[in-house]
Amino acid sequence: MPKIMICGRGGSGKSTLVTLLARALAERGKVLVVDTDESNLGLHKMLGLSTPAMTLMGCLGGKPAVREKLLASLQQKGDENTGFFADGLNLASLPPECTGGEWPLRFLRIGKIERSMEGCACPMGAVARSFLKQLRVDQDEWVLVDTEAGVEHFGRGVVEGVDLVVMVVDPSHEAILLADRAKALTAEAGKDFVAVLNKVDTATESFLRRELTAKGIPVRGAFGFSPEIMEANLTGNPLPAGNCREQVNELLASLSF
Ligand SMILES: Nc1ncnc2c1ncn2[C@@H]1O[C@H](COP(=O)(O)OP(=O)(O)O)[C@@H](O)[C@H]1O
Ligand SMILES: [Mg+2]
């Protein structure tokens with residue numbers, strides 16, 4: 001079953017879509033949500049889960065240790081390390097201190113910027129890429145990868161570890177331009193790419209469908225503005241169970257898995 005990366009511009013609804021998909025897929029099997037956004041602090045709240053005790057970076061000894069390993073590997077092999085995790089990594093063998101929640105829905109954070117002047121987030125990108133490339137998923141298991149805004153995760157190669165990229169497109173010209181760029185970057189990595197519209201009404205939905213179709217981008221779903229989603233995100237409460245169920249099920253059916 002696929003590992004799906006959700007991307008889009010800031011505030012488009014990436015974490016919201018991850019949450020809606022995670023809830024729906026958890027009724028069908030096991031779901032691991034992987035948070036690769038080093039600035040996003042509230043995804044576990046949207047999911048209604050506890051924060052894991054440690055980030056994956058923490059489990060690997062912290063950023064300095066990871067950075068050292070990456071540099072050593074670069075010097076020895078001329079490539080960044082891909083050997084952080086043992087062969088056969090799967091949902092059952094995840095370090096328990098790194099995951100929050102209980103099956104069928106668990107949550108893992110790659111790493112967060114925790115101190116001023118600690119340096120860039122590139123080591124987190126390398127760990128995310130290595131982790132996702134190594135992670136095997138069985139029948140009725142899904143991995144949903146929430147990302148930071150924009151296209152940096154493509155540059156960091158995180159896309160190499162997933163099977164499908166879902167781009168959230170909100171009603172803006174910038175989002176259309178970003179979708180075009182993300183489609184090209186996804187194609188370079190040899191992965192599938194689809195768009196999902198968010199916060200649309202009838203007029204903006206048909207405009208976006210026309211624009212994206214003209215660019216050869218398949219649109220697989222559309223979500224309207226939901227006051228319940230806005231309210232939950234304002235107050236820091238979990239997204240209401242069953243919210244947008246019909247649209248989520250339509251989207252999952254059109255992704256055909
Ligand atoms: N379908 C929707 N209806 C209403 N508000 C939404 C919807 N999708 C997202 N939002 C709001 O937009 C904001 C950004 O959503 P979020 O999922 O955090 O975006 P991202 O992860 O892309 O930055 C949040 O305040 C959220 O409540
Ligand atoms: Mg987010």
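The values are calculated or read from the model by the stated rules, or taken from the named source; none is laboratory data. Small disclaimer: the values here were computed from a predicted structure and weren't measured. Every residue, glycine as well, gets a Cβ built from its backbone with ideal geometry; the counts of neighbours run over all protein chains shown. Just the protein is used for accessible areas: all its heavy atoms, side chains included, with ligands, DNA and RNA removed. Shrake-Rupley method; radii C 1.70, N 1.55, O 1.52, S 1.80 Å.
Surface composition of the chain: carbon plus sulfur atoms contribute 51% of the solvent-accessible area (1.4 Å probe, protein chains only, all chains present). Who wins for biggest fluctuation among R28, R156, R109 in a Gaussian network model of the chain, springs between alpha carbons below 10 Å? Looking only at R28, R156, R109, the biggest GNM fluctuation is shown by R28. Here the stretch 131-251 is treated as a Stokes sphere of Kirkwood radius computed over C-alpha pairs; at 25 °C and 0.890 mPa s its diffusion coefficient rounds to 155 µm²/s. In the complete set of protein chains, residue-level accessible area for V168 is approximately 0 Å², probe 1.4 angstrom. For the stretch 168-176, the Karplus equation 6.51 cos²θ - 1.76 cosθ + 1.60, evaluated at θ = phi - 60°, returns couplings of 8, 10, 9, x, 7, 5, 4, 5, 5 Hz by residue, with Gly and Pro reported as x.
Heavy atoms of the protein chains alone define the surface here; on that basis the chain has 45 Å² accessible area per residue at 1.4 Å probe size. For q = 0.18, 0.24, 0.33 Å⁻¹, what log10 I(q)/I(0) does the stretch 1-42 give under the Debye formula with an equal point scatterer on each alpha carbon and no solvent? Reported log10 I(q)/I(0), two decimals: -0.54, -0.92, -1.38. Annotation: Cα Rg of the stretch 94-198 relative to the compact-globule expectation 2.2 N^0.38 Å equals 1.17. In the assembled protein chains, S50 presents an accessible area of approximately 70 Å² (probe radius 1.4 Å). With q set to 0.15 Å⁻¹, the log10 of I(q)/I(0) for the stretch 21-87, from the Debye formula over equal scatterers at the Cα positions, is -0.69. For the chain, relative contact order (Cα pairs under 8 Å, six or more residues apart, normalised by length) works out to 29 percent.
Dividing the alpha-carbon radius of gyration of the chain by 2.2 N^0.38 Å (N being the number of residues), what value is obtained? Don't skip to the answer; put the middle values down first.
Working: Rg = 17.7 Å, N = 257, 2.2 N^0.38 = 18.1 Å.
Here the Cα radius of gyration is 0.98 times the empirical estimate.
With the simple spin-label model, which puts each label point 7 Å out from Cα in the Cβ direction, the E188 to R67 separation comes to 2.6 nm.
This model, with +1 at the C-beta of Lys and Arg and -1 at the C-beta of Asp and Glu, gives the chain a dipole about its Cα centre of some 260 debye. For the chain, what proportion of DSSP beta bridges, expressed in % and rounded to the nearest 5, is antiparallel? Approximately 10 percent, going by the DSSP bridge assignments.
Solvent-accessible area of C59, all protein chains in place: 40 Å² (probe radius 1.4 Å, heavy atoms, ligands and nucleic acids excluded).
How much FRET efficiency would the formula 1/(1 + (r/R0)^6) give for E27 and S172, where r is the Cβ-Cβ distance and R0 is 45 Å, rounded to 0.05?
Values: r = 32 Å, r/R0 = 0.72.
It comes to 0.90.
Taken one residue at a time, the phi angles of the stretch 213-230 give Karplus couplings (6.51, -1.76, 1.60, θ = phi - 60°) of 4, 4, 8, x, 9, x, 9, 9, x, 8, 10, x, 6, 10, x, 5, 5, 4 Hz. Gly and Pro are set to x. Annotation: amide H of N198 within the under-5 Å range of V169, D170, F223, sequence separation 5 or more or interchain, hydrogens built in the peptide plane.
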